[in-house]
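> Below you will find the structure I want to go over with you.
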Amino acid sequence: QVQLVESGGGLVQPGGSLRLSCAASGRIFRTNAMGWHRQGPRNQRELVAAITGSGSTLYADSVKGRFTISRDNAKNTVYLQMNSLKPEDTAVYYCNVNLVLYTQLFGMDYWGNGTLVTVSS
């Protein structure tokens, strides 16, 4: 009923940049908060950044000043621009969106399958 398609992961050298995208499709009435989480080799899944429907943003302390989250409401897409990447940013990145479908009265959380980001020289 809902599909989340992530793209943009890959291998990058320390100090480099990547841009992740996550597009939601389906019978979407409204897109509420959207965000990115990540899970490294030895870590629990953690919130990286989130953006509300009105555009307010929230970042993990470890990525402030380096990552920027944005959204295109017309495309139901959320982006994560990652600059000055560090080896400790290596993780699988998951997008998470709260959607209200035409068949629902309230929002529900949906998760993408994840995209791998590897920061290494």
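> Across the chain, where is the longest run that never hits chymotrypsin sites (Phe, Trp or Tyr not before Pro) in a DSSP loop with at most 15 other C-beta atoms within 10 Å?
1-101
> Stretched out fully, how many nm does the piece from Arg30 to Lys64 gain, at 0.36 nm a residue minus the Cα gap?
Between Arg30 and Lys64, full extension yields 9.4 nm more.
> Say R0 is 41 Å: what FRET efficiency, to the nearest 0.05, do Asn83 and Leu105 get from their beta-carbon distance?
Calculated transfer efficiency: 0.55.
> Something else now. May I have the extent of the alpha carbons of the chain along their three principal axes, as whole Å values ordered from largest to smallest?
47, 25, 24
> Now for a different question. If Lys and Arg each add +1 and Asp and Glu each add -1, what is the summed charge of the other residues whose beta carbon sits under 15 Å from the beta carbon of Met82?
Cβ neighbours under 15 Å give a net charge of +1.
> State the antiparallel share, in %, of DSSP beta bridges confined to the chain, rounding to the nearest 5.
Within the chain, antiparallel bridges account for around 95 percent of the total.
> Defining a contact as two alpha carbons under 8 Å apart and six or more residues distant in sequence, what relative contact order in percent does the chain show?
Contact order relative to length: 36 percent.
> Calculate what fraction, in whole %, of the accessible area of the chain sits on carbon and sulfur atoms when a 1.4 Å probe is rolled over the protein chains.
About 48 percent, which is the carbon plus sulfur part of the accessible surface.
> Between exposed trypsin sites (Lys or Arg not before Pro) in the chain, where DSSP calls loop and at most 12 other Cβ atoms lie within 10 Å, what's the longest gap?
Between exposed loop sites, the widest span is 65-121.
The values are calculated or read from the model by the stated rules, or taken from the named source; none is laboratory data. Nothing here was measured: the structure is a model prediction, and the numbers come from that model. Please note: Cβ atoms are built from the backbone with ideal geometry, for glycine as well, and neighbour counts cover all protein chains shown. Side chains included, ligands, DNA and RNA excluded: accessible areas come from the protein's heavy atoms. Shrake-Rupley method; radii C 1.70, N 1.55, O 1.52, S 1.80 Å.
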